[in-house]
Amino acid sequence: MRSERATARSGNRDLERDQDRQPSQSGDGGHANIPPPTSHFSSFSPRFYAGTLRLLRHPVTRRLAQAVLVAFLLMVFAFLLVRLIPGDPAMILLGDVATEEDLIAYRKLLGIDGPLHSQFGRYISNVARGDFGLSIRSREPVLSIIGKRLPVSLWLTATTIFMTVVLALPLGVAAALYRRTWFGHVFQIVASVFVATPVFFSGLLLILLFAVQVSLAPIAGYYPGFPANLYSLWLPALTINCVLVPVLARILQSSIIETSSEEFVEAAIIRGTQGWRFYWRYLLRPSLAPTIAALGYFAATVVSYAVIIEIIFNLPGVGMTLVDAVRNRDYPLVQGIVFLSGLLVVGLTFTADLVNGWLDPRAKMR
Amino acid sequence: MLPVVDAANLSLDRRQAVGIVGESGSGKTMLCRALIGTLARHGAEITAGTVRFGGLDLAAASERVWRGIRGREIGYIPQSSLAGLNPVLTVETQLVESISAMGTLSRRQARDKAVELLERVRIPRAPQVLKARGHQLSGGMRQRVMIAAAIAQSPKLLIADEPTTALDVTIQREILSLITQLRHELNMALVLVSHDLAVIEDVCDDVMVMYAGASVESGPVAALSKTPRHPYTRALRVSRVDRALPGQDLDAIPGDAASVGSWPAGCRFWPRCSHADEECRRGSQPALMPIGRQLSACIHAERLVVGEQLPAVANQEDSARRRK
Amino acid sequence: MTIESGAPSRSLRDTLVSPAGRLRLLGLGRIWQQLNAEARWGVVILALILLLSVFVPLLSPSDPYEFVDLPLQPPGATYPFGTDHLGRDLLVRVFAAARLDILLAILGVSVPIVIGTFIGTLAGTTRNRIAETLWDGLVNALTAFPEIILVLGIVAMVEGGVRGLLIAIWISRWAQYARIARAKSLALREAEFVQTAHVLGYSQLRILVRHIMPNVFSEALAYALSDFIFIIVIIGGLSFLGLGVRPPTPEWGAMLAEGRLYLRTEPWLILFPGFFLSLTAIGVALLARGLEQISKGEEG
């Protein structure tokens, strides 16, 4: 008896609280009540959508502002780079025999005449207009040189990323599903070895294997034009992926392992979800976000390796231009490429963040 | 491998509602997983015994057989409704999945059916909720969506594993009455798992009490609440959540629940039982024996008489509080 | 009235001995016992390479610059690794290169770790929002440059050769450590033993130097192991491009660049230096992974 009275009492208390919280709710039997708004997110009204939109827009704008600040600081670094040169750059380039007029002309060419702040102002306004100066070597605008060499580098990047996705996705999934079998153990060891092997060695090994032994690729050089260039690009792309694929596959693997123990996976199995739908929607898609984020994180490293790869495989891309420019002390060209590569990485990281937000609505952009 | 559940008996008829009650670690959830065929995912398996459903033995069923049963014949509502919804998919995608597993429906039809399902679980503004993702909904709303997914194919049996633990008391009540209503509308049998005997008394016809991997008492709800024939059931009744202050609900039973792998010899409840004697400590877990309208695994079940013993347990509760 | 504290078993001294302090107490033998298989393999590989790099050049009759025989001799009894395109003993050159590369990598890691940790810890002491935003931007900008491209850019400005290479590495790598140090010191300020030190009235400087810095440093050291691999790749890579260590100095990357011309006919010219370069990196990677797992296991 005691207990039943107690139930009734506590029931009353709950009812009162219920009324307190939603005075405007017209009671239609109690069961159909909308749960009271416990937080900003849980209330479900048109206003909620407007709020979400604002919230969604907010972190993106903040992230964008951050990217712009970083881009500006990249510019400052690029500007300072030429000022690192000990002594007079014009003198270094021209040697002792230079006349005073030559030196002045050269300083003007390099943008290092006049006081520092006016130099900086000029540099900023030039860069903003897309003017990175003239190459000392060829007297051609830096931007047009880069523009000419860019397609090769872009093709290399595209081939690499295509290959990364094709290799890393199945490898990561397989490594997660079969982690307790021999495949999982072999994967761990092979991945460790591949990640630690420097690209300039693995590149040479791959040339030895595929170009020298079986000539499935040219030993070096580039064939322009779409299908033809793939013949010269697949081996360089594979070389970069020797490092990239194991890293990403490992991240994907641990992410999938984490996801597969989630309750919604069990719920989906019980619902009877099967086949590709199950694997894509319940294992892969919720696990992709960390992998994409990592891809953004490794963007800088990939661009770095691309430089070495272009030299090994003799691909006339931006990387090769940079190395030539460094050898020739072509300061404006070096400066331009360094700045733009930094900008590229900032852009890639930003894009990775955006894709991430789309893939996983939970992921808060910071 | 460790035994997790080794002496559980549960049976229910069409349209009947059975509750399973016990503390955490008593094997309730594992029993549910056995009923839904997902033990293997959690590194467990059935080594002995049967699970009969209709004419089938599910304990020996292949994954292929299970695919025809899960969702279609047996629906399931998980413990945590947030974790139960895929964060990257909309409610619509997940509901349509449950629906279209049924047969060939067009996109349009499946969507209409999804709206109908949401309305069925009393969700207002269903078209809007369809476009939302789990984390955008409140706890009660999420649990309604999970119920909608579970009943999508009108199963004959619905299993609800602590469907209200994560929710507010008010919302708990709403969800439970929703489950009851749907059960009657759809002629479903129900297995409701809870650690709260009061919840089960409200919703179910029969109840099975589990302790340390064994069923210790079972029978009609009314019988068990009036004349509990096992000291553990008795203690559970005293520790009912609606009578205890927050954080005190389990203090009424002295000692810690026996954990998997360290079950005592004899009756598993004896270290915490005030009626335990030498006989209780010998042999293995006693089998369920009929007594009155129910089954009890207490060898002293006869001695536990109504008026005399209940205050004893209540006193024990008092002394437990005094000791603190 | 009785008052009991939450953790009576912990004495004040215990709380003050910071995690880094405990590490110092361990002997070498005990460290070996605590390592897992991966870390042990890493140690064995690295010890082997170090021993070879010390003793091979020491015991060999020829020196790495000496023309000992006909060029391009295949590996055999007299010259286990063969001779290179100028007729030098490849075995001696490979291990002379090991000395140089490992030394350069240690130099390349140690300067940024000190500078970065110091600056980062100092940056961790401010809570000014504008300063924090600027700091984040600065570090993000420096780390946004692709590593090798930034090093190349600095090398172009400063000068080629070993000194230019090291300066370029130092300038471009410190920001990574500064980032880690700042994050760690921010977390440490809330740690119990730092709070205790505050309560005991120690000066800000003493807390910073005696309590925060050692712990930040141990965190940075963990990162330094994986950075070590990258520095070796940068040194080898730039030398490979002809912009770092230059021939005839024995260096793995430079040797690969020389051997590359004979890839078709005399592949051992790249196989031996490349193999030991990779083996060093693999050894460090195994050690780093092993240690990471150990520290993860301790936390979890």
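The values are calculated or read from the model by the stated rules, or taken from the named source; none is laboratory data. What you see is a predicted model; the values in this text were computed from it and never measured. All Cβ positions, even for glycine, are placed from backbone atoms using ideal geometry, and neighbour counts span all protein chains on display. All accessible areas refer to the heavy atoms of the entire protein, side chains included, with ligands and DNA or RNA removed. Shrake-Rupley method; radii C 1.70, N 1.55, O 1.52, S 1.80 Å.
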Discussion item. Taking the conditions exactly as written (within 12 Å of chain A (Cβ to nearest Cβ) and more than 19 Å from residue C:99 (Cβ to Cβ)), does residue C:286 satisfy them or not?
Written reply: yes
Discussion item. Just checking, does segment A:276-290 include any residue being under 30 Å from residue C:263 (Cα atoms) and either in contact (Cβ under 8 Å) with a residue 60 or more places away in the chain or within 11 Å of another protein chain (Cβ to nearest Cβ) (or both)?
Written reply: no
Worksheet item: Which condition number in (1) part of a helix (DSSP H, G or I); (2) farther than 30 Å from residue B:154 by Cβ; (3) in contact with a helix residue (DSSP H, G or I) (Cβ under 9 Å, 6 or more places away or on another chain); (4) open to solvent by less than 20 Å² (accessible area, probe 1.4 Å) is the one that residue A:232 fails?
Response: (3)
Worksheet item: Identify, please: which residue in segment C:252-268 is more than 10 Å from chain A (Cβ to nearest Cβ) and hydrophobic (A, V, I, L, M, F, W, C) and is, among those, nearest to residue A:219 (Cα to Cα)?
Response: C:261
Response to the item:
Those residues of segment B:268-308 that are under 27 Å from residue B:4 (Cβ atoms), part of a loop (DSSP other than H, G, I, E, B) and among the hydrophobic types (A, V, I, L, M, F, W, C) come to a total of 8
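How many residues are in contact with a Gly (Cβ under 6 Å, 6 or more places away or on another chain) and open to solvent by 10 Å² or more (accessible area, probe 1.4 Å) when one looks only at segment A:235-254?
Quick first cut of segment A:235-254, residues in contact with a Gly (Cβ under 6 Å, 6 or more places away or on another chain) only: A:239, A:249, A:252-253.
When the remaining residues are screened for being open to solvent by 10 Å² or more (accessible area, probe 1.4 Å), the result is A:253.
Selection size over segment A:235-254: 1.
Going residue by residue through segment B:84-105, is there one that turns out to be away from every other protein chain (no Cβ under 11 Å), touching a residue at least 40 places away in the same chain (Cβ under 8 Å), surrounded by 20 or more Cβ atoms within 10 Å (Cβ to Cβ) and over 27 Å from residue B:52 (Cα atoms)? Spell out how you get there, then give the answer.
Of segment B:84-105, the ones away from every other protein chain (no Cβ under 11 Å) are B:91-92, B:103-105.
Still in the running and touching a residue at least 40 places away in the same chain (Cβ under 8 Å): B:91.
Narrowing the set further to residues that are surrounded by 20 or more Cβ atoms within 10 Å (Cβ to Cβ) leaves B:91.
Still in the list and also over 27 Å from residue B:52 (Cα atoms): B:91.
Yes, because at least one residue in segment B:84-105 is away from every other protein chain (no Cβ under 11 Å), touching a residue at least 40 places away in the same chain (Cβ under 8 Å), surrounded by 20 or more Cβ atoms within 10 Å (Cβ to Cβ) and over 27 Å from residue B:52 (Cα atoms).
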Worksheet item: Quick check: is even one residue across segment A:302-318 without any contact (Cβ under 8 Å) to a residue 40 or more places away in the chain, touching an Asp or Glu at 6+ places or on another chain (Cβ under 9 Å) and buried (at least 24 other Cβ atoms within 10 Å of the Cβ)?
Response: yes
Discussion item. Among the residues of segment A:249-275, what is the count of those that are more than 10 Å from chain B (Cβ to nearest Cβ) and on the phi < 0 side of the Ramachandran plot?
Written reply: 10
Worksheet item: Are any of the residues in segment C:211-225 more than 11 Å from every other protein chain (Cβ to nearest Cβ), open to solvent by 20 Å² or more (accessible area, probe 1.4 Å), without any contact (Cβ under 8 Å) to a residue 60 or more places away in the chain and of a type in the set (D, E, K, R)?
Response: yes
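State all residues of segment C:222-272 that are hydroxyl-bearing (Ser, Thr, Tyr), under 30 Å from residue A:213 (Cα atoms) and in a helix (DSSP H, G or I); if no residue qualifies, say none.
Correct list: C:239, C:262.
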Discussion item. For the condition in contact (Cβ under 8 Å) with a residue 12 or more places away in the chain and assigned to a helix (DSSP H, G or I), what is the one hit in A:193, A:212, A:245?
Written reply: A:245
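Considering only segment B:56-68, how many residues are open to solvent by 10 Å² or more (accessible area, probe 1.4 Å) and either in contact (Cβ under 8 Å) with a residue 60 or more places away in the chain or assigned to a helix (DSSP H, G or I) (or both)?
So the first thing to find is which residues in segment B:56-68 are open to solvent by 10 Å² or more (accessible area, probe 1.4 Å), and the list is B:56-57, B:59-68.
Now restrict to residues that are either in contact (Cβ under 8 Å) with a residue 60 or more places away in the chain or assigned to a helix (DSSP H, G or I) (or both): B:59-60, B:63-68.
Final tally of qualifying residues: 8.
Test of understanding: among A:219, A:207, A:257, A:270, which residue is open to solvent by 40 Å² or more (accessible area, probe 1.4 Å), touching a Lys or Arg at 6+ places or on another chain (Cβ under 9 Å) and farther than 21 Å from residue A:184 by Cβ? It would help to see each step written out before you state the result.
On the way: A:207 fails: open to solvent by 40 Å² or more (accessible area, probe 1.4 Å); A:257 fails: farther than 21 Å from residue A:184 by Cβ; A:270 fails: open to solvent by 40 Å² or more (accessible area, probe 1.4 Å).
Exactly one residue qualifies, and that residue is A:219.
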Worksheet, complete the sentence: Sole miss for residue B:136 among (1) without any contact (Cβ under 8 Å) to a residue 12 or more places away in the chain; (2) touching a Gly at 6+ places or on another chain (Cβ under 9 Å) is condition (2)
Discussion item. Scan segment B:57-66 and tell me whether some residue there is under 30 Å from residue B:109 (Cα atoms), among the small types (Gly, Ala, Ser) and modelled with pLDDT under 85.
Written reply: no
Practice prompt. Would you check which residues across segment B:190-211 are closer than 19 Å to residue B:143 by Cα and part of a strand (DSSP E or B) and list them?
Written response: B:190, B:191, B:192, B:193, B:194
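Confirm whether residue B:209 is crowded, with 22+ Cβ neighbours inside 10 Å, over 19 Å from the mean Cα position of the chain (by Cα) and more than 9 Å from chain A (Cβ to nearest Cβ).
On the way: crowded, with 22+ Cβ neighbours inside 10 Å: yes; over 19 Å from the mean Cα position of the chain (by Cα): no; more than 9 Å from chain A (Cβ to nearest Cβ): yes.
Criteria not met by residue B:209.
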Worksheet item: In segment A:219-229, what residues are in contact (Cβ under 8 Å) with a residue 24 or more places away in the chain and either within 23 Å of the chain's Cα centre (by Cα) or assigned to a helix (DSSP H, G or I) (or both)?
Response: A:229
Worksheet item: Can we say residue A:175 is away from chain C (no Cβ under 14 Å) and open to solvent by less than 20 Å² (accessible area, probe 1.4 Å)?
Response: yes
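Quick one: count up the residues across segment B:30-49 that are in a helix (DSSP H, G or I), within 14 Å of chain A (Cβ to nearest Cβ), within 17 Å of residue B:157 (Cβ to Cβ) and not basic (Lys, Arg). Can you show your working first?
Filtering segment B:30-49 down to residues in a helix (DSSP H, G or I) leaves B:30-36, B:40-42.
Restricting the remaining residues to those that are within 14 Å of chain A (Cβ to nearest Cβ) gives B:30, B:32-36, B:40-42.
Filter once more, keeping what is within 17 Å of residue B:157 (Cβ to Cβ): B:32-36.
When the remaining residues are screened for being not basic (Lys, Arg), the result is B:32, B:34-36.
Qualifying residue count, segment B:30-49: 4.
Only one residue in C:220, C:254, C:285 is modelled with pLDDT of 90 or more, closer than 24 Å to residue C:45 by Cβ and in contact with a helix residue (DSSP H, G or I) (Cβ under 9 Å, 6 or more places away or on another chain). Which one? Show your work before the answer.
On the way: C:220 fails: modelled with pLDDT of 90 or more; C:285 fails: modelled with pLDDT of 90 or more.
Answer to the selection: C:254.
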Worksheet entry | Pick from segment B:128-176, criterion at the interface with chain A (Cβ under 8 Å from one of its Cβ atoms) and of a type in the set (Asp, Glu), ranking: most open to solvent (accessible area, probe 1.4 Å) | B:168
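Before we move on, is residue C:237 among the small types (Gly, Ala, Ser), surrounded by fewer than 24 Cβ atoms within 10 Å (Cβ to Cβ) and within 14 Å of another protein chain (Cβ to nearest Cβ)?
Values: among the small types (Gly, Ala, Ser): yes; surrounded by fewer than 24 Cβ atoms within 10 Å (Cβ to Cβ): no; within 14 Å of another protein chain (Cβ to nearest Cβ): yes.
No, not satisfied.
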Worksheet item: For the subset of segment C:171-201 comprising residues that are charged (D, E, K, R) and at pLDDT 85 or above, which member is least open to solvent (accessible area, probe 1.4 Å)?
Response: C:173
Worksheet, complete the sentence: Note on residue A:322: of the conditions (1) over 30 Å from residue A:175 (Cα atoms); (2) touching a strand residue (DSSP E or B) at 6+ places or on another chain (Cβ under 7 Å); (3) without any contact (Cβ under 8 Å) to a residue 24 or more places away in the chain, unmet is (2)
